[in-house]
1. Heavy atoms only, probe 1.4 Å: what % of the accessible area of the chain goes to carbon and sulfur, would you let me know?
2. Take the Cα coordinates of the chain, assign each an equal point scatterer, and use the Debye formula without solvent to give log10 I(q)/I(0) at q = 0.10, 0.11 Å⁻¹.
3. Pick from Gly425, Gly233, Gly358 the residue whose mean-square fluctuation is largest in a GNM of the chain, springs joining Cα atoms under 10 Å.
4. Show Arg440, Arg38 ordered by accessible area, largest first, where the area counts protein heavy atoms only and the probe is 1.4 Å.
5. With a 1.4 Å probe and all protein chains kept in place, how do Trp407, Trp418, Trp235 rank by accessible area, largest first?
6. If I model a spin label as a point 7 Å beyond the Cα along the Cα-Cβ vector, how far apart are those points for Arg203 and Lys104 in nm?
7. In square angstrom, rounded to the nearest 10, how much accessible surface does Thr34 have for a 1.4 Å probe?
8. Taking every pair of Cα atoms in the range 146-281, average 1/r, invert it to obtain the Kirkwood radius, and report Rg/Rh to two decimals.
Amino acid sequence: MKLLLVSPPFGEKGQMSKGLPIAPPVLEYLAGLTRQARPDVTIELLDANKEHFEPERTDADLVGFTILTPQSPWVYRMADRLRSLGKKVVLGGMHVTVSPDEAKRHADAIIMGEAEKIWKELLDDADRNSLKPVYNGGFPDLAGLPRPVTNLWRTKYVYGYFQTSRGCPFSCTFCSVHKFFGGKVRMRPIREVVEEVASSKRRLFWGIDDNIWGVNVDRSKELYREMGKNVRGKWWFGAGDLTSVQHSRSHELLENARKAGLTAVLVGWESNNMSSLQEYKAVGKQGSARRDAIRKIRDYGIEVMLFIMVGGRQDVREDFDGILKLCDDLKVSAHPVMTTPFPGTELYEMYKPYLLKGLDWDSYDGNHATFEHPSMTPLEREDAIVKLRADLFTIPKIVQRMSQISWKGFPMSHITSWMVQYPQGRAFREFAREREEKRRQGLLK
């Protein structure tokens with residue numbers, strides 16, 4: 001049996017988007033899980049964000065997609081074409097888990113939750129042509145996970161990835177993670193993480209944990225200490241909270257993290273607007289001195305980027321401008337996204353009465369306004385975030401921010417800063433050009 005695993009494109013309507021040069025998470029790991037469960041299965045990986053996918057040309061018996069919400073319309077179109085050709089299709093991922101009835105209309109089988117417990121059963125059933133409509137994977141223990149298979153891509157990637165835990169201790173209203181991973185955090189054995197990273201042929205990584213140090217600070221210190229001892233010549237970036245670096249022993253956490261190869265962290269600033277932070281239930285994760293926390297992280301030679309949402313129903317026009325001022329004051333970059341109420345989240349239920357009619361899920365991509373606002377039209381909010389991104393990611397500003405990183409992180413933190421900021425700015429500029437073309441054609445309303 002031949003299995004094809006496809007990573008969907010990120011762009012609106014299935015267009016390719018030029019983002020960071022990172023191998024798509026999940027698929028390399030699913031390839032490893034397949035080799036562990038059914039070593040006789042032939043595996044092919046395809047990144048549809050880098051190369052075109054044509055269902056009519058695949059010779060696979062079973063095609064799998066893992067789906068985030070804005071990717072779902074493209075995946076459903078591809079799945080329908082594949083099934084019309086007699087191919088079997090399995091769908092999984094966060095969007096499938098929160099919208100199973102929708103996904104089932106486009107698949108021979110769907111996976112609810114995680115795959116480890118049911119993957120062999122699913123492959124066996126596919127081989128016998130007897131797939132079940134639904135496989136419920138639950139929340140397995142993370143000991144003994146297979147290692148990612150990294151040599152199946154036709155495209156070369158600068159960054160790989162690794163995972164040390166699943167889940168997040170915080171339950172923000174805008175986020176699917178807490179619920180998707182069962183409302184609790186599970187951690188991999190430290191020894192297995194260290195061995196996986198140390199043995200990888202890659203040298204640059206994205207740590208895909210939802211919170212690289214906020215799950216368990218003592219465990220994070222131990223993990224970083226062991227990585228610092230046993231992993232050489234490898235560097236990585238990840239995402240974390242701000243409150244974890246505000247306790248009395250945070251110096252040890254940050255020192256160990258830098259020695260473990262951490263070069264940059266995307267911190268959850270979430271919003272400049274206190275009313276929005278309260279609506280998102282994200283006040284507690286900020287701590288009492290979040291500006292000082294950012295300066296502290298940078299003092300250890302670790303680059304900082306702010307994850308920040310704007311355009312929520314509590315926000316005002318000045319909040320867009322405030323993000324640029326904040327970044328200039330702190331001399332850091334940001335990843336600004338439009339507040340988006342994803343299905344399955346508490347925020348989605350809160351915003352349900354205000355959702356704009358007629359939008360497909362590919363508008364839920366952090367670039368588009370998807371709900372009514374008390375004082376700003378959708379077009380005004382979208383124009384405002386396009387301008388904000390253009391002002392944030394000029395070459396002079398990128399270089400200026402790089403120069404503010406402590407020399408403790410030289411050169412890799414400075415290199416990472418460029419490698420993250422420049423492709424991100426390029427992707428934002430690409431979106432802005434596409435938007436301007438729509439405006440010229442009279443398609444923006």
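1. Summing carbon and sulfur atoms, their accessible area is 52 percent of the total for the chain.
2. -0.73, -0.90
3. Result for the chain, Cα springs under 10 Å: Gly358 fluctuates most.
4. Ranking Arg440, Arg38 by accessible area, largest first, yields Arg440, Arg38.
5. The most accessible residue leads, giving Trp407, Trp418, Trp235.
6. Each label point lies 7 Å from its Cα, and together they span 5.0 nm.
7. Roll a 1.4 Å probe over it and Thr34 shows about 0 Å².
8. 0.99
The values are calculated or read from the model by the stated rules, or taken from the named source; none is laboratory data. Worth saying up front: this structure is predicted, and the values here are computed from it rather than measured. Every residue, glycine as well, gets a Cβ built from its backbone with ideal geometry; the counts of neighbours run over all protein chains shown. The accessibility values were calculated without ligands, DNA or RNA, using every heavy atom of the protein model including side chains. Shrake-Rupley method; radii C 1.70, N 1.55, O 1.52, S 1.80 Å.
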